[in-house]
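Structure first, commentary second.
Bear in mind that the values in this text are calculations on the coordinates, not laboratory data. Predicted, not measured: the structure shown is a model, and the values here were computed from it. Cβ atoms come from the backbone with ideal geometry, glycine included; neighbour counts cover every protein chain shown.
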Amino acid sequence: MANLDPRTKMIMVVCLSILALLYNTPAQLFLLFVFTLMLLLFFNFRLNVIGVYLKPFLALMLFLFVVQCVFSPSGLSILSVGQVSLVTSGGLLLGSSMVLRIIVVTAAAMLFTTFSPRDFILGLVQWKVPYELAFMVFIALRFLPVFRDELVNVITAVQLRGVDLKKVPWKQKLDLYRRLFFPVVYGVMLKAQHLAVSMESRGFRAYPTRTYLRRLNLYYADYIVMVTFLAATITLIVMGP
Amino acid sequence: MAFLEFNQVSFSYPQEGRFALRDIQLGFSRDGITAITGANGSGKTTLTKLMIGVLRSTRGTVCLEGRSLEEYSLGEIGRRIGYVFQNPDLQFFCSTVAEEISFGFVNQGCRPETVEEKIQYYLDYFELGNYRHVFPLHLSHGEKRRLAIASVLATEPSFLILDEPTTGLDAYRKRLLADLLIKIAGAGTGISLVSHDQAFVNRLAERVITLEKGRVVWDSGEGRKHG
Ligand SMILES: Nc1ncnc2c1ncn2[C@@H]1O[C@H](COP(=O)(O)OP(=O)(O)O)[C@@H](O)[C@H]1O
Ligand SMILES: [Mg+2]
């Protein structure tokens, strides 16, 4: 059962992500998170890897949390400066929901790493999704880690040129990030372009028909899991919060 | 006490069973040029990454000026040790060649009136003058290599590590690089370089360390060649 079809796992990820986007209380999202973790354990996934994936985005999550807390005030005031309430119970709930949502979607996406990307493309193609489209989905999944690695590299390289990121004042730090943004994004795009060139030079898309060495088969377990997941998701959505 | 010291250091990459480096006992002083050689995969890059704290030892400690590397932030290490990556693509993050060169000294509070002069010096020495406003990743391989070296040297570190700096350089550029490294070493900067280039190593190195399967199998010891 641990080797379900990639397509089945994809349906699971889609269901979990939809629920994560629709739910907006921390309690619901937390339950969803626990459920996702159990699924990952079931597929023999090492949970500490999630932490490794999320670490570069911690600052971003903290930022989103603070923004949500401060700029969507509602409910009781918890922390106030003079007449202005800075942190409210409503803002706090929204902020934690936001962060939990990111964590759930990331954790769910980890299911993609429990099968080979090749199988994933194969699965989509057998569902009559055009190969190019399936391949694009695969590249998008592939490039998320590339983007993350690039971010880690740049942060290391900047520090090795003698900048103590932790000690730089906020204003200067924002300025630095603003300056680094364009070159880093452009660098990732260049690397994607090199990949595209190397693929086309090896005959990708040159011939109208491709040959596939293997076929994937959906077994009963796959159908059962897919139907259960879809049904549960629809039920949860219809029932409302 | 050596500038950089490895005390019984072993290292394995996370999720890998075997050790990439095993029981390394080495000292690097701040004078002279040391070459690190060995076959592909013998652990040379891993060794240099441990020297700058990008990787942390699994067992044993690496000490910089007598204190464990763990006590330093990457920024503090970067101000003492310059590191040229094996793959230059990994170390560029600015929009132009000139910005890349000046990033280090501008951030370390160099006087504004000397900035332009320094940029020009490195552009000239590394023959990158025509590429001043070019995006670093658009350069050719050899140009990237020269820029990587220039931008690290521009921070004027007191110790310099270069991982395979001669790949992609033509004979003339190799000679220029060798001359520059000898000059820098003569001015009191310690240098460690990883290289397969036997002629380059013979010309420069006072000390040669050879790695094999993650162990030091040969260390010619410290000595002086360029007075
Ligand atoms: N990021 C990594 N993860 C796992 N293993 C690695 C990683 N980088 C290098 N290795 C392994 O560590 C050993 C030493 O690699 P490296 O230090 O790059 O060798 P060299 O620079 O001498 O060619 C090799 O067997 C290599 O496969
Ligand atoms: Mg190497």
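Structure values in brief
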| quantity | calculated |
| --- | --- |
| Selection from the stretch B:145-158 of residues that are more than 12 Å from chain A (Cβ to nearest Cβ) and either within 15 Å of ligand 2 (Cβ to nearest atom) or touching a Phe, Trp or Tyr at 6+ places or on another chain (Cβ under 6 Å) (or both) | B:Arg145, B:Arg146, B:Ala150 |
| Helices (runs of 4 or more DSSP H) (entirely within the stretch A:1-77) containing at least 1 residues that are aromatic (Phe, Trp, Tyr), free of Cβ contacts under 8 Å to residues at least 40 places away in the same chain and at negative phi | A:26-42, A:58-71 |
| Filter result (over 30 Å from B:Ala187 (Cβ atoms) and either more than 14 Å from ligand 1 (Cβ to nearest atom) or away from chain A (no Cβ under 14 Å) (or both)) within the stretch B:1-15 | B:Gln8, B:Ser10, B:Phe11, B:Ser12 |
| Residue count, the stretch B:56-74 (criterion: among the small types (Gly, Ala, Ser) and assigned to a loop (DSSP other than H, G, I, E, B)) | 3 |
| Looking only at the stretch B:82-98, and only at residues there that are hydrophobic (A, V, I, L, M, F, W, C) and in contact with a Gly (Cβ under 9 Å, 6 or more places away or on another chain), the one that is nearest to the other protein chains (Cβ to nearest Cβ) | B:Phe93 |
| Residue selected from the stretch B:29-55 under the condition touching a helix residue (DSSP H, G or I) at 6+ places or on another chain (Cβ under 9 Å), part of a loop (DSSP other than H, G, I, E, B) and without any contact (Cβ under 8 Å) to a residue 60 or more places away in the chain, by the criterion nearest to ligand 1 (Cβ to nearest atom) | B:Leu55 |
| Members of the stretch B:1-58 found to be surrounded by 15 or more Cβ atoms within 10 Å (Cβ to Cβ), away from ligand 2 (no atom under 13 Å from the Cβ) and among the basic types (Lys, Arg), listed by number | B:Arg22, B:Arg30 |
| Single residue of the stretch B:16-28 satisfying the filter (in a loop (DSSP other than H, G, I, E, B) and touching a Gly at 6+ places or on another chain (Cβ under 7 Å)) that is nearest to ligand 1 (Cβ to nearest atom) | B:Ala20 |
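Let's see how each residue does on (1) among the hydrophobic types (A, V, I, L, M, F, W, C); (2) surrounded by 15 or more Cβ atoms within 10 Å (Cβ to Cβ):
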{"residue": "A:Leu19", "(1), (2)": "yes, yes"}
{"residue": "A:Tyr23", "(1), (2)": "no, yes"}
{"residue": "A:Leu32", "(1), (2)": "yes, yes"}
{"residue": "A:Arg46", "(1), (2)": "no, no"}
{"residue": "A:Lys55", "(1), (2)": "no, no"}
{"residue": "A:Phe71", "(1), (2)": "yes, no"}
